[in-house]
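Q: Once you've had a glance at the structure underneath, I'll fire off some questions.
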Amino acid sequence: MTEQPLVAFDGVTKRYGNFTAVSPIHLEIKKGEFLAIMGSSGCGKTTTLRMLAGLETPSDGEIRLAGKRINELPTWQRDTPMVWQSLALFPFLTVRENIEFSLRMRAVAKEERRERVEKWLERMQISELTDRNIAHLSGGQRQRVALARSLVTEPEILLLDEPLSALDAHLKVRMQTVLANLQRELGITFVYVTHSQSEAFSMADRVVIMSRGKIEQTGTPQEIYRTPRTRFVAEFLGSSNIFPGKVTAAAAGAMKIATPVGEFRVADTPARQLSAGDKATFAISSDCVQLTPERPSVEWNCLEASVVGEEFVGATAVVHLEASGHIEIKAQKSHEELDRLKLEPGGRIWVSWRPEASHILPGET
């Protein structure tokens, strides 16, 4: 028997006049999972979250929480607290009073309020801040107060709208760890909206990619990174090299595709069997690309390209290359490997990859 999802979006649409912010979407969220919704500004991710919170009403379709339709249910009756990008803490209240506020609204007895607030002050490691004014706290401390205020009611689900966007880089990493550990310990369902790939991929069990109000792909971070379904997803992640072309030969699990920079072998089994003459686009993750000064002797796909430059990204760097016809290629390499290659802008280098590393984009065939 299939377990009933905690949340279900069934053909949900949101329109503002003639503008469709969210096209009909179908999405199920499991109890106890960490789901991240990603996309660029205006893609519909925040509107989707606000409909779940009760801050927006769907134009069509149905939203169900624990099997119950909640389209018309007021926000305060849903038990779907939200941590805002701005945190929305009360500046005139102390840390304790901020955390206690939602319990007061629920008429929880004074002694129980005190015990629950103490528990969350300790859990979020902010006990020493109990009587501080919100204005006197750092960004990371305010973030912990906002989480405690939302979780003190012990909800089944917590909604988070880009909660780390205002933090410095080092604080973001620390809070990502706090959030991920908290979600695992509590077993509460987290629905997390972000435009940051690093946040979504480091914390979420599943990721939803949205564009222009539609869901482009849903899957684990590994599935989305390695097997993007559309060109949009591959380009949005920014980690893939994309080659549009036409099939010249095809057999089960193997084919040749002619592209503007050459003909390449692809060892992939797309959902639809392709034939010679069909259009096809394939992608290769930048970390699967090899760079060598000489043409490789192994039976890999290869082409020659010129070095444009390097982009430092922490423990690794991305080498930007250009093949004939102004085709851009990216290769993610360790600094040690780049030191050995001694690349110079304008220099020539051989780019190669295994046929098995290629992935057909199903939405582009």
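Q: When you look at Ala148, is it modelled with pLDDT of 90 or more, surrounded by 11 or more Cβ atoms within 10 Å (Cβ to Cβ) and at positive phi, yes or no?
A: Working: modelled with pLDDT of 90 or more: yes; surrounded by 11 or more Cβ atoms within 10 Å (Cβ to Cβ): yes; at positive phi: no.
Judged against the criteria, Ala148 is not a match.
Q: Still on this structure, I have one more. Give the residues of the stretch 275-290 that are of a type in the set (Gly, Ala, Ser) and either in contact with a Leu (Cβ under 8 Å, 6 or more places away or on another chain) or buried (at least 17 other Cβ atoms within 10 Å of the Cβ) (or both), sorted by residue number. Walk me through how you get there before you give the answer.
A: Restricting attention to the stretch 275-290, the residues satisfying the condition of being of a type in the set (Gly, Ala, Ser) are 275-277, 280, 283, 285-286.
Ala280, Ala283, Ser285, Ser286, listed by residue number.
Q: Moving on. Looking at the structure I just gave you, is Ser40 over 30 Å from Ser127 (Cα atoms), in the same structural domain as Ser127 (by TED's automatic domain parsing) and assigned to a loop (DSSP other than H, G, I, E, B)?
A: Working: over 30 Å from Ser127 (Cα atoms): yes; in the same structural domain as Ser127 (by TED's automatic domain parsing): yes; assigned to a loop (DSSP other than H, G, I, E, B): yes.
When the stated conditions are applied, Ser40 passes them.
Q: Another question, then. Taking the stretch 200-227 on its own, how many of its residues are of a type in the set (Gly, Ala, Ser) and more than 12 Å from Ala36 (Cβ to Cβ)?
A: Keep residues of the stretch 200-227 that are of a type in the set (Gly, Ala, Ser), which gives 200, 202, 204, 211, 213, 219.
Checking which are more than 12 Å from Ala36 (Cβ to Cβ) leaves us with 211, 213.
Summing the residues that are of a type in the set (Gly, Ala, Ser) and more than 12 Å from Ala36 (Cβ to Cβ) in the stretch 200-227 gives 2.
Q: Here's another thing I want to ask about it. Within the stretch 311-325, can one find any residue that is β-branched (Val, Ile, Thr), over 27 Å from Ala169 (Cα atoms) and at pLDDT below 95? Spell out the reasoning first.
A: The initial filter retains those residues of the stretch 311-325 that are β-branched (Val, Ile, Thr), namely 313, 316, 318-319.
Subset that is over 27 Å from Ala169 (Cα atoms): none.
Checking the stretch 311-325: not a single residue is β-branched (Val, Ile, Thr), over 27 Å from Ala169 (Cα atoms) and at pLDDT below 95.
Q: Any residue in the stretch 66-80 that is outside the structural domain of Leu159 (by TED's automatic domain parsing) and part of a loop (DSSP other than H, G, I, E, B) sitting within a Cβ distance under 6 Å of a residue that is modelled with pLDDT of 95 or more and loosely packed, with under 10 Cβ neighbours inside 10 Å? List the pairs, counting only those 6 or more apart or interchain.
A: Qualifying pairs under 6 Å: none.
Q: Residue by residue through the stretch 1-40, note down the ones that are among the polar types (S, T, N, Q) and buried (at least 16 other Cβ atoms within 10 Å of the Cβ).
A: Taking the stretch 1-40 as the starting set, the residues that turn out to be among the polar types (S, T, N, Q) are 2, 4, 13, 18, 20, 23, 40.
Across the stretch 1-40, the qualifying residues are Thr13, Thr20, Ser23.
Q: Here is a list: Ala166, Ala146, Ala200. Which entry is under 15 Å from the mean Cα position of the chain (by Cα) and of a type in the set (Gly, Ala, Ser)?
A: On the way: Ala166 fails: under 15 Å from the mean Cα position of the chain (by Cα); Ala146 fails: under 15 Å from the mean Cα position of the chain (by Cα).
None of the others qualify; the one that does is Ala200.
Q: Looking at Arg272 and the list (1) within 29 Å of the chain's Cα centre (by Cα); (2) under 27 Å from Glu216 (Cα atoms); (3) surrounded by 12 or more Cβ atoms within 10 Å (Cβ to Cβ), which single condition is not satisfied?
A: With respect to (1) within 29 Å of the chain's Cα centre (by Cα); (2) under 27 Å from Glu216 (Cα atoms); (3) surrounded by 12 or more Cβ atoms within 10 Å (Cβ to Cβ), Arg272 is out only on (3).
Q: Can I ask one more? Need at least 1 residues that are in contact with a Ser or Thr (Cβ under 6 Å, 6 or more places away or on another chain) and either of a type outside the set (Val, Ile, Thr) or more than 22 Å from Gly54 (Cα to Cα) (or both) per element, so show me which helices (runs of 4 or more DSSP H) inside the stretch 158-237 make the cut, counting only ones lying wholly within it.
A: Per the criteria, 169-186, 197-203, 231-237.
Q: Tally the residues that are among the small types (Gly, Ala, Ser) and over 25 Å from Val178 (Cα atoms), restricting the search to the stretch 1-39. Explain how you work it out, then say what you get.
A: Step one: of the stretch 1-39, the residues among the small types (Gly, Ala, Ser) are 8, 11, 17, 21, 23, 32, 36, 39.
Still in the running and over 25 Å from Val178 (Cα atoms): 8, 11, 17, 21, 23.
Looking only at that region, the number is 5.
Q: Could I ask something else about it? Applying the selection to the stretch 110-143, what residues are of a type in the set (Lys, Arg), under 24 Å from His170 (Cβ atoms) and either under 25 Å from the mean Cα position of the chain (by Cα) or assigned to a helix (DSSP H, G or I) (or both)? Lay out the reasoning, then the answer.
A: First pass over the stretch 110-143, keeping only residues of a type in the set (Lys, Arg): 110, 113-114, 116, 119, 123, 132, 142.
Adding the requirement that they be under 24 Å from His170 (Cβ atoms) leaves 123, 132, 142.
Matches in the stretch 110-143: Arg123, Arg142.
Q: Can you name the strands (runs of 3 or more DSSP E) wholly within the stretch 249-341 that have at least 2 residues being of a type in the set (A, V, I, L, M) and in contact (Cβ under 8 Å) with a residue 12 or more places away in the chain?
A: Values: elements: 254-259, 262-266, 279-285, 290-292, 301-313, 316-323, 327-334.
It comes to 254-259, 279-285, 301-313, 316-323, 327-334.
Q: Taking Glu154 as the residue in question, decide whether it is free of Cβ contacts under 8 Å to residues at least 60 places away in the same chain and within 20 Å of Phe101 (Cα to Cα). Before the answer, list the steps.
A: Numbers: free of Cβ contacts under 8 Å to residues at least 60 places away in the same chain: yes; within 20 Å of Phe101 (Cα to Cα): yes.
Considered against the rule, which asks whether it is free of Cβ contacts under 8 Å to residues at least 60 places away in the same chain and within 20 Å of Phe101 (Cα to Cα), Glu154 comes out as yes.
The values are calculated or read from the model by the stated rules, or taken from the named source; none is laboratory data. Just so it is clear, the structure is predicted and the values come from calculations on it, not from any experiment. No Cβ is skipped: glycine too gets one built from the backbone with ideal geometry, and neighbour counts run over all protein chains shown.
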